[in-house]
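Read through the structure below, which is laid out as structure tokens, and then see the notes.
The values are calculated or read from the model by the stated rules, or taken from the named source; none is laboratory data. As the structure is a computational prediction, the values presented were derived from the model and not from experiment. Because the Cβ atoms are built from the backbone with ideal geometry, glycine has one as well, and the counts that use them run over all protein chains shown.
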Amino acid sequence: MQVLILSVDPVERSRAFAASLQAPYPILMDPQGKTAARYGVLDANGLAKRKTSLVGKDGKVHRFEKVVVDTHGPHLIKVLETLLPVSSGKQVGGEHRLFCL
């Protein structure tokens with residue numbers, strides 16, 4: 001699985017955000033909002049709503065429309081456990097990409 005964050009903020013602001021997180025995953029910069037628009041997460045003002053999408057290797061998209069920051073992590077883990085086959089504690093097969101918008 002690959003985790004990515006997509007930001008519609010200006011590039012410098014996105015870089016500062018990425019540095020502050022020290023995240024072990026890439027933050028994709030989308031200042032024109034083209035990718036965010038394709039995922040249907042832009043509001044009327046062109047700002048990205050907080051959403052999560054899981055894209056399977058087969059291209060199937062699982063969307064999490066309502067993201068509650070305090071509970072989203074544990075909820076997402078439960079969903080991932082049902083989608084990703086696990087055997088003896090190791091992931092088996094399949095590649096998924098998680099986009100946090």
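What about Ala36, is it aliphatic (A, V, I, L, M), modelled with pLDDT of 80 or more and more than 17 Å from Leu4 (Cα to Cα)? Taking the combined requirement at face value, the residue does not satisfy it. Taking segment 6-64 as the range and being in contact (Cβ under 8 Å) with a residue 60 or more places away in the chain and either farther than 30 Å from Glu81 by Cβ or of a type outside the set (A, V, I, L, M, F, W, C) (or both) as the test, only Tyr39 passes. Scanning segment 28-82 for residues that are more than 24 Å from Arg13 (Cα to Cα), of a type outside the set (Val, Ile, Thr) and part of a strand (DSSP E or B) turns up Leu54, Gly56, His62, Arg63, Phe64.
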